[in-house]
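In what follows, a structure is listed as structure tokens, so that the remarks can point back to it.
The values are calculated or read from the model by the stated rules, or taken from the named source; none is laboratory data. Fair warning: this is a prediction, and the values are worked out from it, not measured in the lab. Note: ideal-geometry Cβ built from the backbone for every residue, glycine included; neighbour counts use all protein chains shown.
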Amino acid sequence: MPKIPDVLLLFCLVGAADALYKQWIPDTNYENKTNWDKGEVPCGNDIVEFLAQRKVSVFVETTHAVQEMRLPVHGEFILNSGAGFYVMSGQDEGCGPGVTTQFKDSESLQWLNPALWQAATTQDDMQHGNFLFSVHEESVPCNYDDVVFKARSSFRVDTSSSQSSISVKSVSVLGKTFDSKSEFSEYLSSHSGQLQFHGSSAVTVGGPGCGDPSGCDCGNSVNHQQICGTVTCTSLSCKKPLLPVGHCCNVCGAIVTIYYTAGFSLKTYRERIQHLFLSLSKYKSIQLGMSKVLKTQRLMGIIPFGNSPEIQVVILDGDKGTKSAALAKDILKDIRSHGSNLGITEAEFQTSSGGGTESNAGMVVGVVFGVLIMITLIVLVVVLTRKGVVRMPSLPSLPSLSIFKRNSDDGDLNGAADHGFDNPMFDRPNVLPDIPGLYGTENSISLTQTGVHFVNPVYDENETDFTA
Ligand SMILES: *[C@@H]1O[C@H](CO)[C@@H](O)[C@H](O)[C@H]1NC(C)=O
């Protein structure tokens, strides 16, 4: 494919949780008119005012005429070569009557705000505006990302988070890249560093990056609440909105979940999706984010018992998600025929259009089904035990089991003791003689149907059995 379609793909981009560049969008540059309360860079007739009590580091690219300048108590100008200020002797033609213009406060801009970052796979992509789409948690720099504050630019960022530090692979400030922990902490304590970074958490660099070809978990779920606190969700029109892992809002679109094995490369697969599908004109409006996430596994869909890594592909498009569903189906079709070569064991998708879910036939999600099978087995054993088909081995160290066994004893008494207390005097003689052969001391686990709580003194060997 020639270069032009790539440029057109500006908005059909693939995100991945392997090392990305994350660039801070806002700046505190003198020349950026969004930084001035009047919406214009001040000119020669204007009075320029910086809030006295606000710390600020201002980058100045060129030379500016001013009428008067009110400076803050703590602040700095970073002057580009040839940049500076001068006061005009006469009127600045074409500047207007002259107003008092205030430099806006950037105190509240938070590191953990996903809207203030843009992501790209390379610095080159960043410069060309080939930004990636990611879920909210991954829009903020991940542990293994390279953080970029634009060269020829200054900024002020509030790094407060729920953790004592925010760690990333590297940070670039004013064109200099820091990847040594000590060097960067030295920069943070410098005059500029203190004006640019503030807040309760320290940013540390020198993280190992992501060495796993199948991708790495972003690591921002610890800050999920704070990240989502900055996000406003819009109302949706689709039938069954979806909530991607790591996202703050429900979305209309599709989510493809991919289970992988050795040999899966997130980078390769991302490029494959890019070339096979996202370059097609019918998918031009698609936003696609692909990353490794840790999905919470839930017992019976409720009780969380662990995390399992999987590849999440979030597909969004402007309309009600019909294009997303079509792309999800295309991706699954591709996996069905080439999955084994790509290191993909299974894939499934959900759509918000109400079309239901689908997964590629064949292999089974190990963990989930393993657990389901275990539950089924346990239920089966319980039922069979209650019916007297199977007798439970005696495991005296497990109190819950002994309670369970007492219940089954009730059953053996033919409902006679259904209303609560077993009579231990009846209990033992009724049960024990039925299974004399299972009572041997040579077995480390003896198969008995006896209860633990009520030891009949008549049967002493019973007691020794429990303490054995
Ligand atoms: C000016 O600041 C705004 C908001 O912070 C930002 O989106 C924009 O890219 C900046 N302009 C330039 C030319 O950098």
For the subset of the range 181-198 comprising residues that are surrounded by 12 or more Cβ atoms within 10 Å (Cβ to Cβ) and in contact (Cβ under 8 Å) with a residue 24 or more places away in the chain, which member is farthest from the chain's Cα centre (by Cα)? S192
For the range 17-41, which positions are more than 10 Å from the ligand (Cβ to nearest atom) and either assigned to a loop (DSSP other than H, G, I, E, B) or β-branched (V, I, T) (or both)? A17, D18, A19, L20, Y30, D37, K38, G39, E40, V41
Just one of the numbered conditions (1) assigned by TED's automatic domain parsing to the domain that holds K323; (2) in contact with a helix residue (DSSP H, G or I) (Cβ under 7 Å, 6 or more places away or on another chain); (3) at pLDDT 95 or above is not true of I255; which one? (2)
Please verify whether S154 is in contact (Cβ under 8 Å) with a residue 12 or more places away in the chain and buried (at least 20 other Cβ atoms within 10 Å of the Cβ), treating the condition exactly as stated. yes
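Regarding L280, is this residue surrounded by 14 or more Cβ atoms within 10 Å (Cβ to Cβ), farther than 30 Å from C210 by Cα, aliphatic (A, V, I, L, M) and at pLDDT below 95?
On the way: surrounded by 14 or more Cβ atoms within 10 Å (Cβ to Cβ): yes; farther than 30 Å from C210 by Cα: yes; aliphatic (A, V, I, L, M): yes; at pLDDT below 95: yes.
It is true that L280 is surrounded by 14 or more Cβ atoms within 10 Å (Cβ to Cβ), farther than 30 Å from C210 by Cα, aliphatic (A, V, I, L, M) and at pLDDT below 95.
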Under the condition of being in a strand (DSSP E or B) and aliphatic (A, V, I, L, M), which residue from the range 149-184 is farthest from the ligand (Cβ to nearest atom)? I166
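Conditions tested, residue by residue: (1) assigned to a strand (DSSP E or B); (2) within 16 Å of the ligand (Cβ to nearest atom); (3) in the same structural domain as N130 (by TED's automatic domain parsing); (4) at pLDDT below 95.
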{"residue": "Q53", "(1), (2), (3), (4)": "no, no, no, yes"}
{"residue": "F59", "(1), (2), (3), (4)": "yes, yes, no, no"}
{"residue": "V73", "(1), (2), (3), (4)": "no, no, no, yes"}
{"residue": "Y86", "(1), (2), (3), (4)": "yes, no, no, yes"}
{"residue": "E93", "(1), (2), (3), (4)": "no, no, no, yes"}
{"residue": "G96", "(1), (2), (3), (4)": "no, no, no, yes"}
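Can you tell me which residue among D105, D124, D92 is without any contact (Cβ under 8 Å) to a residue 40 or more places away in the chain and among the charged types (D, E, K, R)?
Values: D105 fails: without any contact (Cβ under 8 Å) to a residue 40 or more places away in the chain; D92 fails: without any contact (Cβ under 8 Å) to a residue 40 or more places away in the chain.
Selected residue: D124, the only one of D105, D124, D92 that is without any contact (Cβ under 8 Å) to a residue 40 or more places away in the chain and among the charged types (D, E, K, R).
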